[in-house]
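Worksheet: one structure, shown below.
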Amino acid sequence: MNENDIVKDNDDRMDKTITAFRHELSKVRTGRAHPGLLEHITVKYYGTEVPLSQTANIGVQDSRTLSVTAWDRKIIPDIEKAILNSDLGLNPVTAGGVIHIPLPALTEDRRKELTKVVRAEAEKAKVAIRNIRRDANQTFKHLMKDKNITEDQERRDEEKIQKLTDKHIQDIDKILAEKEKELMEF
């Protein structure tokens, strides 16, 4: 593996970290309804825990209401129970074969709490990016030690990794700012 492959590999790993960060943020509830809010909920279906999205259609009824339409009517009580037992604090209401989930308005205190959660997730993502940088730099040091690259090449490669790190951390900050703005909207 040459140093260009190492840089590319680490860029890919940093991109995956950003993707994982976005995924974690999608679970944090803002004032608007979106199907991703229920993504992590699992339902007991024929004795097996399966994601809610594999047992029902999740839709947005309006800006503050989600609707869940189960493919098998027998599972509706299990879906309701899973939503109630989730950490989201939601109260589903069943009407016929559709479960309506009204999202309560966020209080100012809850918005501030969620902002702290989002910032903590951003910090985790930044730490992951820095760990990737550290691993890459150690790899370059080993290559230089084994005389596969020169000191100058090692320095250039470390600078490339640092530029990637800075770019990805800026991306995290940008995503964080958008999410905080979204959280504080009324």
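Just so it is clear, none of the values below were taken in a lab; they were calculated from the coordinates. These numbers come from a predicted model, not from an experiment. When we count neighbours, we look across all protein chains shown, and the Cβ atoms used for this are built from the backbone with ideal geometry, even at glycine.
Side notes on the structure shown:
- About its Cα centre, segment 35-102 has a charge dipole of approximately 160 debye under the convention of +1 per Lys or Arg Cβ and -1 per Asp or Glu Cβ, with nothing else charged.
- 222 nm mean residue ellipticity, helices alone, for the chain (DSSP H n ≥ 4; -39,500 (n - 2.57); rounded to 500): -20500 deg cm²/dmol
- Helix 108-145 vs. the chain, principal-axis angle (Cα, 0 to 90°, nearest 10): 30 degrees
- For ARG133, net neighbour charge (Lys/Arg +1, Asp/Glu -1) across residues whose Cβ lies under 13 Å away: +1
- Residue exposure sequence - GLU158, GLU49, GLU3 - by fewest surrounding Cβ within 10 Å: GLU49, GLU158, GLU3
- Partner lysines for LYS174 [C-alpha distance under 29 Å; skip if fewer than 8 residues away on the same chain]: LYS8, LYS16, LYS27, LYS112, LYS116, LYS124, LYS126, LYS160, LYS163
- Per-residue Cβ neighbour rank within 10 angstrom, fewest leading, ILE99, ILE161: ILE99, ILE161
- Fewest neighbouring Cβ atoms within 10 Å first, the residues MET184, MET144, MET14 line up as MET184, MET144, MET14.
- The spacing between segment 124-183 and segment 36-108, judged by their C-alpha centroids, is 40 Å.
- Dipole moment magnitude, nearest 20 debye, segment 42-186 about Cα centre, only Lys, Arg, Asp, Glu C-beta charged: 220 debye
- Full extension of the segment from ALA105 to ASP146, taken as 0.36 nm per residue of separation minus the current Cα-Cα distance, would add 8.7 nm.
- Highest mean packing first, where packing is the average number of other Cβ atoms within 10 Å per residue, the peptides 104-116, 121-133 line up as 121-133, 104-116.
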